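The values are calculated or read from the model by the stated rules, or taken from the named source; none is laboratory data. In this text, all values refer to a predicted model and were calculated from it rather than measured experimentally. Quick reminder, even Gly has a Cβ in these numbers, built from the backbone with ideal geometry, and neighbours come from all protein chains shown.
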């Protein structure tokens, strides 16, 4: 009986060690995925700026709308100033799509699940790009003409990371578990 308890104890210790190693590997995988997705979205924003001459404008402090605007802008539904893209007759039209949706996680509008921008029926959707922890990627526009803002136009894009806190991100664009010594990752023109 004692030998059996010793064997079970050893198995429990080995299982705890294995579980600890696997959870660390899972978290590193999420961090790596988030960094890759941040690069994909940043590249899409640069292509967007190349097409329209500016990044998508968003309101200050309207975080929920910012992420919806980012999704719709990169999906070819809205222009840089939040205006819907139209054809020559003024009808809603789908512009250039700047992202490959299969490379990103998307949180869909509850009323229109699994709906992506459609060339046949272009409309603004309440979708967002989601990080590996289930939070929307945060996006802010930096307008150089705003005297209270930065001196150059650009954007701030980051993930809230494993903590889900909305603190300034670290250099990798992910909010660390501890926001000590973290600084904003941003892109200037």
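For the reader, a short list of remarks on this structure follows.
- Scanning the range 130-142 for residues that are out of contact with any helix residue (DSSP H, G or I) (no Cβ under 6 Å at 6 or more places or on another chain) and either modelled with pLDDT of 85 or more or over 29 Å from residue 163 (Cα atoms) (or both) yields a count of 6.
- Residue within the range 87-107 that is in contact with a strand residue (DSSP E or B) (Cβ under 7 Å, 6 or more places away or on another chain), under 18 Å from residue 159 (Cβ atoms) and free of Cβ contacts under 8 Å to residues at least 40 places away in the same chain present: yes
- Only one of the listed residues (76, 90) is on the phi > 0 side of the Ramachandran plot and surrounded by 20 or more Cβ atoms within 10 Å (Cβ to Cβ). That residue is 76.
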